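Below is one structure, written out as C-alpha coordinates; the observations come after it.
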Amino acid sequence: MKEKTVNSKTAKVKSKKSKTKAAESAAVKNDAPAESAALAKVSAADTALVVPADSLNAPGDLDASSVDGDSVGNDAGMPALPTAEQLGITITAGNAGNAGSASGNAAGNVPLSATVGDTINFPVTVSWSVNGSAILVVPTSSANAKGILQLGVSQESSRSVKDGKEMAQITFNYKLVMQDTGNLNIPAMRFEIPTPMGQSLDLRSDSEPIRVDAPFNAMPFIAGGAVGVCVLLAALWRMRKRANARAAAAAKNAFENAMREKMVVLKQRVMVADSREWLLELEGICKEYAFKKFGAAEGIAAASASAVNLDALVADGKLDGWKPLLEEFVHARYGGGKRDSFENKETWKLAMQLMGIKEDE
(Lines give C-alpha, C1' and ligand atoms only; values in the text may rest on other atoms or scores of the structure.)
Protein backbone atom coordinates (compact mmCIF):
# COMPACT_ATOMS: atom_id res chain seq x y z
CA MET A 1 0.00 0.00 0.00
CA LYS A 2 2.85 2.38 0.75
CA GLU A 3 4.34 1.89 -2.70
CA LYS A 4 1.07 2.72 -4.45
CA THR A 5 0.68 5.88 -2.37
CA VAL A 6 4.19 7.01 -3.25
CA ASN A 7 3.69 6.36 -6.94
CA SER A 8 0.42 8.25 -6.90
CA LYS A 9 2.11 11.34 -5.38
CA THR A 10 4.92 11.20 -7.92
CA ALA A 11 2.44 11.12 -10.80
CA LYS A 12 0.63 14.18 -9.42
CA VAL A 13 3.91 16.16 -9.19
CA LYS A 14 4.82 15.34 -12.79
CA SER A 15 1.36 16.37 -13.96
CA LYS A 16 1.69 19.75 -12.20
CA LYS A 17 5.10 20.38 -13.78
CA SER A 18 3.75 19.59 -17.25
CA LYS A 19 0.90 22.08 -16.80
CA THR A 20 3.33 24.75 -15.64
CA LYS A 21 5.54 24.33 -18.72
CA ALA A 22 2.49 24.44 -21.02
CA ALA A 23 1.36 27.70 -19.39
CA GLU A 24 4.80 29.30 -19.84
CA SER A 25 4.89 28.25 -23.52
CA ALA A 26 1.48 29.79 -24.09
CA ALA A 27 2.59 33.04 -22.44
CA VAL A 28 5.67 33.22 -24.65
CA LYS A 29 3.55 32.68 -27.76
CA ASN A 30 1.12 35.42 -26.73
CA ASP A 31 3.94 37.98 -26.12
CA ALA A 32 5.83 37.32 -29.40
CA PRO A 33 3.53 39.33 -31.75
CA ALA A 34 3.73 42.39 -29.50
CA GLU A 35 7.55 42.36 -29.52
CA SER A 36 7.66 41.86 -33.34
CA ALA A 37 5.26 44.74 -33.87
CA ALA A 38 7.41 46.99 -31.70
CA LEU A 39 10.57 46.12 -33.66
CA ALA A 40 8.81 46.70 -36.98
CA LYS A 41 7.59 50.08 -35.78
CA VAL A 42 11.11 51.15 -34.73
CA SER A 43 12.57 50.03 -38.08
CA ALA A 44 9.94 51.94 -40.06
CA ALA A 45 10.52 55.11 -38.04
CA ASP A 46 14.27 55.01 -38.75
CA THR A 47 13.87 55.11 -42.56
CA ALA A 48 10.72 57.15 -42.99
CA LEU A 49 12.16 60.58 -44.16
CA VAL A 50 15.37 62.45 -44.62
CA VAL A 51 13.84 65.22 -42.45
CA PRO A 52 13.51 64.77 -38.66
CA ALA A 53 10.66 62.45 -37.78
CA ASP A 54 9.55 64.55 -34.78
CA SER A 55 8.84 67.46 -37.12
CA LEU A 56 6.37 65.30 -39.03
CA ASN A 57 4.66 63.61 -36.07
CA ALA A 58 4.66 66.32 -33.39
CA PRO A 59 1.03 67.18 -32.65
CA GLY A 60 -0.09 70.76 -32.88
CA ASP A 61 3.04 72.03 -34.70
CA LEU A 62 1.61 72.21 -38.21
CA ASP A 63 -0.50 75.03 -39.51
CA ALA A 64 -3.44 74.00 -41.68
CA SER A 65 -2.51 76.69 -44.22
CA SER A 66 0.92 75.10 -44.80
CA VAL A 67 -0.53 71.77 -45.95
CA ASP A 68 -1.54 71.25 -49.58
CA GLY A 69 -5.19 70.29 -49.65
CA ASP A 70 -4.77 68.13 -52.73
CA SER A 71 -2.01 66.14 -51.09
CA VAL A 72 -4.14 65.56 -48.02
CA GLY A 73 -7.05 64.40 -50.16
CA ASN A 74 -4.97 62.17 -52.40
CA ASP A 75 -2.74 60.71 -49.70
CA ALA A 76 -5.25 59.86 -47.00
CA GLY A 77 -3.55 58.50 -43.92
CA MET A 78 -0.15 60.03 -44.82
CA PRO A 79 1.42 62.42 -42.27
CA ALA A 80 1.18 66.12 -43.27
CA LEU A 81 4.43 67.73 -44.47
CA PRO A 82 6.00 70.35 -42.20
CA THR A 83 6.85 73.84 -43.41
CA ALA A 84 10.35 74.92 -44.41
CA GLU A 85 10.62 76.99 -41.21
CA GLN A 86 9.83 73.97 -39.06
CA LEU A 87 12.61 72.01 -40.79
CA GLY A 88 15.10 74.88 -40.48
CA ILE A 89 15.28 75.43 -44.25
CA THR A 90 15.78 79.02 -45.45
CA ILE A 91 15.85 80.46 -48.96
CA THR A 92 17.56 83.73 -49.92
CA ALA A 93 17.26 85.34 -53.33
CA GLY A 94 19.46 88.06 -54.81
CA ASN A 95 19.95 91.03 -52.52
CA ALA A 96 17.34 89.97 -50.00
CA GLY A 97 20.05 89.79 -47.35
CA ASN A 98 21.17 93.39 -48.03
CA ALA A 99 17.88 95.08 -48.74
CA GLY A 100 18.60 97.89 -46.31
CA SER A 101 22.11 98.65 -47.49
CA ALA A 102 22.87 101.79 -49.41
CA SER A 103 24.89 100.01 -52.05
CA GLY A 104 22.14 97.53 -52.89
CA ASN A 105 24.59 94.78 -53.81
CA ALA A 106 23.29 91.25 -53.72
CA ALA A 107 24.92 88.26 -52.14
CA GLY A 108 26.29 87.40 -55.59
CA ASN A 109 27.18 91.03 -56.39
CA VAL A 110 23.85 91.57 -58.17
CA PRO A 111 23.04 95.26 -58.69
CA LEU A 112 19.63 96.75 -58.04
CA SER A 113 20.09 98.71 -61.24
CA ALA A 114 21.40 97.73 -64.65
CA THR A 115 21.55 98.85 -68.27
CA VAL A 116 19.79 97.35 -71.25
CA GLY A 117 21.99 94.57 -72.63
CA ASP A 118 23.74 93.89 -69.30
CA THR A 119 24.15 90.28 -68.21
CA ILE A 120 23.95 89.76 -64.46
CA ASN A 121 24.31 86.81 -62.09
CA PHE A 122 21.28 86.36 -59.80
CA PRO A 123 21.86 83.89 -56.92
CA VAL A 124 19.20 81.98 -55.01
CA THR A 125 20.49 80.07 -51.97
CA VAL A 126 18.75 77.26 -50.08
CA SER A 127 20.27 76.60 -46.63
CA TRP A 128 19.51 74.03 -43.95
CA SER A 129 20.99 72.55 -40.81
CA VAL A 130 22.91 69.34 -41.46
CA ASN A 131 21.48 66.39 -39.49
CA GLY A 132 23.51 63.60 -41.01
CA SER A 133 21.55 63.49 -44.28
CA ALA A 134 21.43 65.40 -47.56
CA ILE A 135 18.47 67.17 -49.17
CA LEU A 136 17.69 67.11 -52.87
CA VAL A 137 16.56 70.54 -54.11
CA VAL A 138 14.97 70.60 -57.58
CA PRO A 139 14.27 73.95 -59.34
CA THR A 140 10.83 73.98 -60.95
CA SER A 141 10.60 77.49 -62.45
CA SER A 142 12.63 79.94 -64.56
CA ALA A 143 13.53 83.61 -64.23
CA ASN A 144 12.00 84.63 -67.55
CA ALA A 145 9.80 87.71 -67.17
CA LYS A 146 8.92 90.96 -68.93
CA GLY A 147 12.19 92.50 -70.08
CA ILE A 148 14.28 89.70 -68.53
CA LEU A 149 15.62 86.61 -70.31
CA GLN A 150 17.26 83.67 -68.54
CA LEU A 151 20.35 82.47 -70.40
CA GLY A 152 21.22 79.60 -68.10
CA VAL A 153 21.55 78.40 -64.52
CA SER A 154 24.32 76.70 -62.57
CA GLN A 155 24.54 75.46 -59.01
CA GLU A 156 27.19 75.02 -56.35
CA SER A 157 27.13 73.41 -52.90
CA SER A 158 29.00 74.33 -49.73
CA ARG A 159 29.02 73.77 -45.99
CA SER A 160 29.81 76.08 -43.07
CA VAL A 161 29.53 76.27 -39.29
CA LYS A 162 27.21 78.92 -37.83
CA ASP A 163 26.55 79.29 -34.09
CA GLY A 164 28.06 75.88 -33.49
CA LYS A 165 25.80 74.17 -36.04
CA GLU A 166 26.91 72.77 -39.36
CA MET A 167 24.94 74.38 -42.18
CA ALA A 168 24.69 73.16 -45.77
CA GLN A 169 23.59 75.25 -48.71
CA ILE A 170 22.98 75.03 -52.44
CA THR A 171 23.24 78.21 -54.51
CA PHE A 172 21.53 78.40 -57.90
CA ASN A 173 23.14 81.10 -60.07
CA TYR A 174 20.76 82.40 -62.73
CA LYS A 175 22.41 84.16 -65.66
CA LEU A 176 20.02 86.90 -66.79
CA VAL A 177 20.15 89.48 -69.59
CA MET A 178 18.23 92.76 -69.39
CA GLN A 179 16.18 93.34 -72.56
CA ASP A 180 13.96 96.31 -71.66
CA THR A 181 14.07 99.51 -69.59
CA GLY A 182 11.96 100.43 -66.59
CA ASN A 183 11.20 99.02 -63.14
CA LEU A 184 11.33 95.28 -63.76
CA ASN A 185 10.91 92.35 -61.39
CA ILE A 186 12.92 89.17 -61.25
CA PRO A 187 10.19 86.59 -60.54
CA ALA A 188 10.03 84.36 -57.49
CA MET A 189 11.87 81.07 -57.95
CA ARG A 190 10.18 77.81 -57.00
CA PHE A 191 11.88 74.64 -55.78
CA GLU A 192 10.78 71.20 -54.64
CA ILE A 193 12.34 68.86 -52.07
CA PRO A 194 11.20 65.26 -52.75
CA THR A 195 10.55 62.99 -49.74
CA PRO A 196 10.39 59.17 -49.49
CA MET A 197 6.66 59.44 -48.70
CA GLY A 198 5.94 60.49 -52.29
CA GLN A 199 5.15 64.08 -51.36
CA SER A 200 7.34 67.12 -52.13
CA LEU A 201 8.04 70.13 -49.99
CA ASP A 202 7.55 73.38 -51.99
CA LEU A 203 9.87 76.37 -51.53
CA ARG A 204 9.45 79.83 -53.01
CA SER A 205 11.82 82.80 -53.00
CA ASP A 206 10.84 86.46 -53.00
CA SER A 207 10.49 88.50 -56.16
CA GLU A 208 13.31 91.02 -56.62
CA PRO A 209 12.85 94.47 -58.22
CA ILE A 210 15.53 95.82 -60.54
CA ARG A 211 15.83 99.17 -62.31
CA VAL A 212 17.00 98.94 -65.93
CA ASP A 213 18.09 102.17 -67.65
CA ALA A 214 18.91 103.01 -71.24
CA PRO A 215 22.59 103.03 -72.29
CA PHE A 216 24.47 106.21 -71.42
CA ASN A 217 25.02 108.53 -74.38
CA ALA A 218 28.65 109.53 -74.22
CA MET A 219 28.91 111.21 -77.64
CA PRO A 220 28.96 114.80 -76.32
CA PHE A 221 31.72 113.93 -73.89
CA ILE A 222 33.64 112.00 -76.55
CA ALA A 223 33.52 114.95 -78.93
CA GLY A 224 34.78 117.29 -76.23
CA GLY A 225 37.47 114.91 -75.04
CA ALA A 226 38.80 114.05 -78.50
CA VAL A 227 40.66 117.36 -78.76
CA GLY A 228 42.15 116.90 -75.32
CA VAL A 229 43.27 113.41 -76.23
CA CYS A 230 44.92 114.65 -79.42
CA VAL A 231 46.79 117.35 -77.50
CA LEU A 232 47.88 114.82 -74.91
CA LEU A 233 49.07 112.38 -77.58
CA ALA A 234 51.04 115.11 -79.31
CA ALA A 235 52.72 116.03 -76.04
CA LEU A 236 53.50 112.40 -75.34
CA TRP A 237 54.89 111.98 -78.85
CA ARG A 238 57.25 114.94 -78.37
CA MET A 239 58.35 113.64 -74.99
CA ARG A 240 58.94 110.18 -76.44
CA LYS A 241 60.89 111.62 -79.36
CA ARG A 242 63.13 113.55 -77.01
CA ALA A 243 63.57 110.48 -74.81
CA ASN A 244 64.51 108.37 -77.85
CA ALA A 245 67.00 111.02 -78.97
CA ARG A 246 68.58 111.05 -75.53
CA ALA A 247 68.67 107.24 -75.46
CA ALA A 248 70.25 107.14 -78.94
CA ALA A 249 72.86 109.70 -77.92
CA ALA A 250 73.62 107.73 -74.77
CA ALA A 251 73.93 104.50 -76.76
CA LYS A 252 76.18 106.22 -79.29
CA ASN A 253 78.43 107.58 -76.56
CA ALA A 254 78.58 104.17 -74.89
CA PHE A 255 79.52 102.52 -78.19
CA GLU A 256 82.19 105.15 -78.92
CA ASN A 257 83.65 104.70 -75.45
CA ALA A 258 83.78 100.93 -75.94
CA MET A 259 85.46 101.33 -79.35
CA ARG A 260 87.93 103.83 -77.88
CA GLU A 261 88.91 101.38 -75.14
CA LYS A 262 89.49 98.60 -77.69
CA MET A 263 91.63 100.88 -79.87
CA VAL A 264 93.67 102.03 -76.88
CA VAL A 265 94.38 98.42 -75.91
CA LEU A 266 95.33 97.68 -79.51
CA LYS A 267 97.74 100.62 -79.56
CA GLN A 268 99.44 99.37 -76.44
CA ARG A 269 100.08 96.00 -78.12
CA VAL A 270 101.47 97.41 -81.37
CA MET A 271 105.07 96.96 -80.22
CA VAL A 272 104.81 93.37 -78.99
CA ALA A 273 102.05 91.69 -80.99
CA ASP A 274 102.49 89.81 -84.26
CA SER A 275 101.88 92.34 -87.03
CA ARG A 276 99.57 90.04 -89.02
CA GLU A 277 97.40 89.14 -86.02
CA TRP A 278 97.40 92.77 -84.92
CA LEU A 279 96.08 93.98 -88.31
CA LEU A 280 93.39 91.29 -88.42
CA GLU A 281 92.27 92.34 -84.94
CA LEU A 282 92.09 95.95 -86.15
CA GLU A 283 89.98 94.78 -89.09
CA GLY A 284 87.54 93.14 -86.65
CA ILE A 285 87.13 96.43 -84.77
CA CYS A 286 86.48 98.24 -88.05
CA LYS A 287 83.82 95.67 -89.02
CA GLU A 288 82.15 96.16 -85.65
CA TYR A 289 82.05 99.91 -86.30
CA ALA A 290 80.53 99.43 -89.78
CA PHE A 291 77.95 96.96 -88.49
CA LYS A 292 76.85 99.39 -85.79
CA LYS A 293 76.65 102.32 -88.20
CA PHE A 294 75.15 100.73 -91.33
CA GLY A 295 73.73 97.38 -90.24
CA ALA A 296 70.16 98.49 -89.39
CA ALA A 297 69.94 101.62 -91.51
CA GLU A 298 71.21 100.14 -94.78
CA GLY A 299 69.90 96.60 -94.33
CA ILE A 300 73.23 94.82 -94.39
CA ALA A 301 72.59 91.08 -94.60
CA ALA A 302 74.88 90.12 -91.73
CA ALA A 303 74.11 88.18 -88.59
CA SER A 304 77.09 89.63 -86.74
CA ALA A 305 79.87 92.16 -87.17
CA SER A 306 82.29 89.49 -88.43
CA ALA A 307 80.08 88.93 -91.50
CA VAL A 308 80.23 92.58 -92.64
CA ASN A 309 81.78 93.05 -96.10
CA LEU A 310 83.91 96.20 -95.89
CA ASP A 311 84.83 96.04 -99.58
CA ALA A 312 81.15 96.15 -100.58
CA LEU A 313 80.53 99.17 -98.36
CA VAL A 314 83.52 100.98 -99.90
CA ALA A 315 82.28 100.13 -103.40
CA ASP A 316 78.85 101.58 -102.50
CA GLY A 317 80.48 104.79 -101.29
CA LYS A 318 79.38 104.30 -97.70
CA LEU A 319 82.94 104.15 -96.34
CA ASP A 320 84.63 107.09 -98.01
CA GLY A 321 88.45 107.07 -97.69
CA TRP A 322 88.62 103.51 -96.33
CA LYS A 323 90.31 101.96 -99.38
CA PRO A 324 93.95 102.39 -98.13
CA LEU A 325 92.97 100.84 -94.82
CA LEU A 326 91.36 97.85 -96.54
CA GLU A 327 94.53 97.34 -98.60
CA GLU A 328 96.44 96.95 -95.35
CA PHE A 329 94.00 94.28 -94.21
CA VAL A 330 94.32 92.42 -97.54
CA HIS A 331 98.12 92.51 -97.31
CA ALA A 332 97.99 91.10 -93.76
CA ARG A 333 95.61 88.34 -94.81
CA TYR A 334 97.23 87.23 -98.08
CA GLY A 335 100.65 88.92 -98.37
CA GLY A 336 102.13 87.87 -95.09
CA GLY A 337 105.48 89.08 -93.96
CA LYS A 338 106.43 90.99 -90.88
CA ARG A 339 105.71 94.72 -90.71
CA ASP A 340 107.39 97.35 -88.68
CA SER A 341 105.54 98.53 -85.60
CA PHE A 342 105.84 102.12 -86.84
CA GLU A 343 103.79 101.21 -89.92
CA ASN A 344 101.12 99.51 -87.81
CA LYS A 345 100.92 102.60 -85.62
CA GLU A 346 100.28 104.78 -88.68
CA THR A 347 97.56 102.34 -89.75
CA TRP A 348 96.04 102.63 -86.26
CA LYS A 349 95.93 106.45 -86.54
CA LEU A 350 94.21 106.20 -89.92
CA ALA A 351 91.56 103.84 -88.51
CA MET A 352 90.93 106.20 -85.57
CA GLN A 353 90.44 109.09 -88.00
CA LEU A 354 88.10 107.18 -90.31
CA MET A 355 85.93 105.97 -87.44
CA GLY A 356 85.82 109.42 -85.85
CA ILE A 357 87.27 108.26 -82.55
CA LYS A 358 89.34 110.69 -80.57
CA GLU A 359 91.98 109.47 -78.18
CA ASP A 360 91.60 110.75 -74.63
CA GLU A 361 94.31 113.22 -73.68
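Miscellaneous remarks
- Top-ranked residue in region 261-272 [being charged (D, E, K, R) and part of a helix (DSSP H, G or I); ranked as surrounded by the fewest Cβ atoms within 10 Å (Cβ to Cβ)]: Glu261
- Screening Gly77 on (1) part of a loop (DSSP other than H, G, I, E, B); (2) modelled with pLDDT of 75 or more; (3) among the small types (Gly, Ala, Ser) shows it passes everything except condition (2).
- Residue satisfying all of: in region 182-202; open to solvent by 60 Å² or more (accessible area, probe 1.4 Å) and touching a residue at least 40 places away in the same chain (Cβ under 8 Å); nearest to Thr92 (Cα to Cα) among these: Arg190
- Looking only at region 167-211, and only at residues there that are acidic (Asp, Glu) and out of contact with any Ser or Thr (no Cβ under 8 Å at 6 or more places or on another chain), the one that is nearest to Val116 (Cα to Cα): Asp180
- Criterion (modelled with pLDDT under 90 and open to solvent by 30 Å² or more (accessible area, probe 1.4 Å)) met by exactly one of Lys162, Lys146: Lys162
- Filtering Ala223, Ala258, Ala254 for residues that are assigned to a helix (DSSP H, G or I) and surrounded by fewer than 10 Cβ atoms within 10 Å (Cβ to Cβ) leaves a single hit, Ala223.
The values are calculated or read from the model by the stated rules, or taken from the named source; none is laboratory data. Quick caveat: nothing in here was measured; it's all calculated off a predicted structure. No Cβ is skipped: glycine too gets one built from the backbone with ideal geometry, and neighbour counts run over all protein chains shown. Note: areas computed on protein heavy atoms with side chains; ligands, DNA, RNA excluded. Shrake-Rupley method; radii C 1.70, N 1.55, O 1.52, S 1.80 Å.
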